[in-house]
Amino acid sequence: MVDGINIDGAFFLRYLFNPPAILWQGLWLTIWISIVAQIMGMIVGLLIALCMRSRHWWLRAFGRFYVWIWRGTPVLVQLVLIYTGVAAAGFYKYPDITIGFFVLTGPLQAALIALSLNEGAYMAEIFRAALGSIDKGQFDAVKALGMRPVTAMRYIILPQAARIVIPPLGNEFTLLIKGTSLLAVIGIRELFGTIQQLNAATFRTFELFVIAAIWYLVLTSIMGFVQRHIEAYYSRYDPPLSSQTKARVKMRGLISAQR
Amino acid sequence: MSNTTPSPLVSVEAVHKSYGALEILKGISFDVSRGEVVCLIGPSGSGKTTMVRCINHLETIQAGRITVGGEMIGYREHNGHLLELPESRISLQRQKIGMVFQRFNLFPNLTALGNITVGPVRVQRRREAEVRAEALELLRRVRLADKADNFPSQLSGGQQQRVAIARALAMKPEVMLFDEPTSALDPETVGEVLDVIKELAAEGMTMIIVTHELGFARDVADRVIMMDQGEIVEIGAATEMFSAPRSDRTRAFLQSLK
Ligand SMILES: Nc1ncnc2c1ncn2[C@@H]1O[C@H](COP(=O)(O)OP(=O)(O)OP(=O)(O)O)[C@@H](O)[C@H]1O
Ligand SMILES: [Mg+2]
């Protein structure tokens, strides 16, 4: 034993294998916020990507502006601005919203809005790249069959875009799960916030944050596993992507990972 | 009845098409009667692809009019100007015009059967079971009954093109457009696609076919249209045009294919 090292092994094992209820609650909050924000981010992202491909210049300009704003500023700033800032300026006070038995508190509303809109900007770029990589002949073929744009998107274009989108999407979701740890600053007791709270009561900082790291690792690893299965499903009908498309997707992955 | 000549199924009148300052179609006019097969020939860049794409409004036009079954395609006329129709209307018009592309453009995410049924089911909103039975019959006609569950990536070029023909036929179009249906194919699979088109001709399908296969044009075409530099140079029966072209440009073009 090196002198001065202070680790409480029993505390660590107890919190790891028999966590208190609030830790489970924090973990659950992290999971559902991530999933909801990712889904809303995908919807926003698809709409923004369609704006950027529109034949109207003002929609294209709006799309580019949106992406520029949300990617060009830190999530932390967006979060505080959308919650504290908006309330302080008196635009919106975030009253609780009750949905059945479930109460969506002000901070949760702000968190979902900020994360979804932010994620939307990144997903927009991913969808734009994916839609752009679909053969022009596909767009001719759907028109020649008399398909309306929404039908064509639903049955032909999006299924083809999906397989291109899934690798970077997994990447995005991993970043989003980790990013939820920022929500502690607006008082949300998700995984990180809960750990901080426990830390304030017990001062077992090292043990608690190793446990936090382990839980984030578990979540992101499960995500990676699910992603590989979805990827396999979507590539079932085709030989491997052309090396050019693959390189482009890889590039995108690298770029989106840099935040 | 004073007028006994039936009105043409497809009518192209003085169509002008340009990209910016570059005029690609310089006033093209021709008619196609119901049941007639017309082949479009001409040198590369003469505007054949552009012409057939205008017929189902995959390309806009700047002047002239195109009608199919008496209905003006893509536009309505207002004080002598062309006003583009709404998307919903154009989609309806396209349903009666089948198109087969040079590079097939099958949907890679659907099986051969799925490619054929998606139009009737999702566009025409017909019952799936009924459409499926028809699609299997179409696959049998193009001799691909055993490939129903294969994805396009698992089919040869010739097989993909035959699925593409079946996909267009499934919409029960009044006229079929073909843009060089065999020029992206390996030589050994060209014949199987041409045979399918010949059968359609024998069944009385109205067709406009861009092709470089003169032997095929001679076999199926009621009339051949020779285009060059955005103009029609000559229209006539295949046998006459190929043996005794009236125009020097036709003669030069036919010579270049020998
Ligand atoms: N999107 C476009 N923008 C500008 N010019 C175009 C465009 N598409 C076609 N063209 C031009 O229009 C002309 C006619 O092209 P088109 O493809 O109709 O010829 P084609 O007769 O089908 O030739 P080919 O036998 O090579 O297929 C060509 O000069 C081509 O360069
Ligand atoms: Mg062409």
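So that you can scan it fast, the table gives a plain yes or no per residue for (1) touching a His at 6+ places or on another chain (Cβ under 7 Å); (2) farther than 17 Å from A:Tyr216 by Cα; (3) free of Cβ contacts under 8 Å to residues at least 60 places away in the same chain:
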position	(1), (2), (3)
A:Leu27	no, no, no
A:Thr30	no, no, no
A:Ile33	no, no, no
A:Val36	no, yes, no
A:Gly45	no, yes, no
A:Ala49	no, yes, no
A:Met52	no, yes, no
A:His56	no, yes, yes
A:Arg60	no, yes, yes
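Go through the residues of the range B:69-88 one by one and say whether even a single one is away from chain A (no Cβ under 13 Å) and in contact with an Asp or Glu (Cβ under 7 Å, 6 or more places away or on another chain).
Yes.
I'd like the residue in the range B:77-96 that is in contact with a Lys or Arg (Cβ under 9 Å, 6 or more places away or on another chain) and over 24 Å from B:Gly119 (Cβ atoms) and, out of all such residues, is surrounded by the most Cβ atoms within 10 Å (Cβ to Cβ).
For the range B:77-96, the residue satisfying everything is B:Leu82.
Could you pull out every one of the helices (runs of 4 or more DSSP H) wholly within the range A:123-198 that has 1 or more residues that are under 30 Å from A:Gln78 (Cα atoms)? Quick ask: steps written out before the conclusion?
Working: elements: A:136-144, A:149-152, A:158-179.
Helices (runs of 4 or more DSSP H) meeting the threshold: A:158-179.
A quick yes/no check of all residues on (1) in a helix (DSSP H, G or I); (2) within 13 Å of chain A (Cβ to nearest Cβ); (3) surrounded by fewer than 22 Cβ atoms within 10 Å (Cβ to Cβ):
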| residue | (1), (2), (3) |
| --- | --- |
| B:Gly98 | no, yes, no |
| B:Arg103 | no, yes, yes |
| B:Arg132 | yes, no, yes |
| B:Arg140 | yes, no, yes |
| B:Asp146 | yes, no, yes |
| B:Asp149 | no, yes, yes |
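Counting just the residues of the range B:164-193 that are of a type in the set (A, V, I, L, M, F, W, C), assigned to a loop (DSSP other than H, G, I, E, B) and within 16 Å of ligand 2 (Cβ to nearest atom), which one comes out nearest to the chain's Cα centre (by Cα)?
The qualifying residue nearest to the chain's Cα centre (by Cα) is B:Ala184.
I'd like to check something: does the range B:156-172 contain any residue that is surrounded by fewer than 23 Cβ atoms within 10 Å (Cβ to Cβ), under 16 Å from B:Val196 (Cβ atoms) and within 12 Å of chain A (Cβ to nearest Cβ)?
There is at least one residue in the range B:156-172 that is surrounded by fewer than 23 Cβ atoms within 10 Å (Cβ to Cβ), under 16 Å from B:Val196 (Cβ atoms) and within 12 Å of chain A (Cβ to nearest Cβ).
Here is a list: B:Ser91, B:Ser153. Which entry is at pLDDT below 95 and within 11 Å of chain A (Cβ to nearest Cβ)?
Going through B:Ser91, B:Ser153 in turn, just one is at pLDDT below 95 and within 11 Å of chain A (Cβ to nearest Cβ): B:Ser153.
Suppose we filter B:Ser44, B:Ser18 for residues that are within 16 Å of ligand 1 (Cβ to nearest atom), of a type outside the set (A, V, I, L, M) and more than 23 Å from B:Glu234 (Cβ to Cβ); which single one remains? Steps first, please.
Numbers: B:Ser44 fails: more than 23 Å from B:Glu234 (Cβ to Cβ).
That would be B:Ser18, the only listed residue that is within 16 Å of ligand 1 (Cβ to nearest atom), of a type outside the set (A, V, I, L, M) and more than 23 Å from B:Glu234 (Cβ to Cβ).
Within the range B:114-129, is even one residue among the acidic types (Asp, Glu) and either surrounded by 17 or more Cβ atoms within 10 Å (Cβ to Cβ) or more than 9 Å from chain A (Cβ to nearest Cβ) (or both)?
Residues of the range B:114-129 that are among the acidic types (Asp, Glu), as a first pass: B:128.
This time we only want the ones that are either surrounded by 17 or more Cβ atoms within 10 Å (Cβ to Cβ) or more than 9 Å from chain A (Cβ to nearest Cβ) (or both), so: B:128.
Checked the range B:114-129: at least one residue is among the acidic types (Asp, Glu) and either surrounded by 17 or more Cβ atoms within 10 Å (Cβ to Cβ) or more than 9 Å from chain A (Cβ to nearest Cβ) (or both).
Do you know which of the residues in the range B:49-96 that are of a type in the set (Asp, Glu) and assigned to a strand (DSSP E or B) is farthest from ligand 2 (Cβ to nearest atom)? Explain how you work it out, then say what you get.
Applying the first criterion (of a type in the set (Asp, Glu)) to the range B:49-96 yields B:59, B:71, B:77, B:84, B:87.
Okay, now just the ones that are also assigned to a strand (DSSP E or B), so B:71, B:77, B:84.
Details: B:Glu71: 26, B:Glu77: 29, B:Glu84: 24 Å.
Across the range B:49-96, the extreme among qualifying residues is B:Glu77.
The values are calculated or read from the model by the stated rules, or taken from the named source; none is laboratory data. Worth saying up front: this structure is predicted, and the values here are computed from it rather than measured. Glycine gets a Cβ as well: all are built from the backbone with ideal geometry, and neighbour counts include every protein chain shown.
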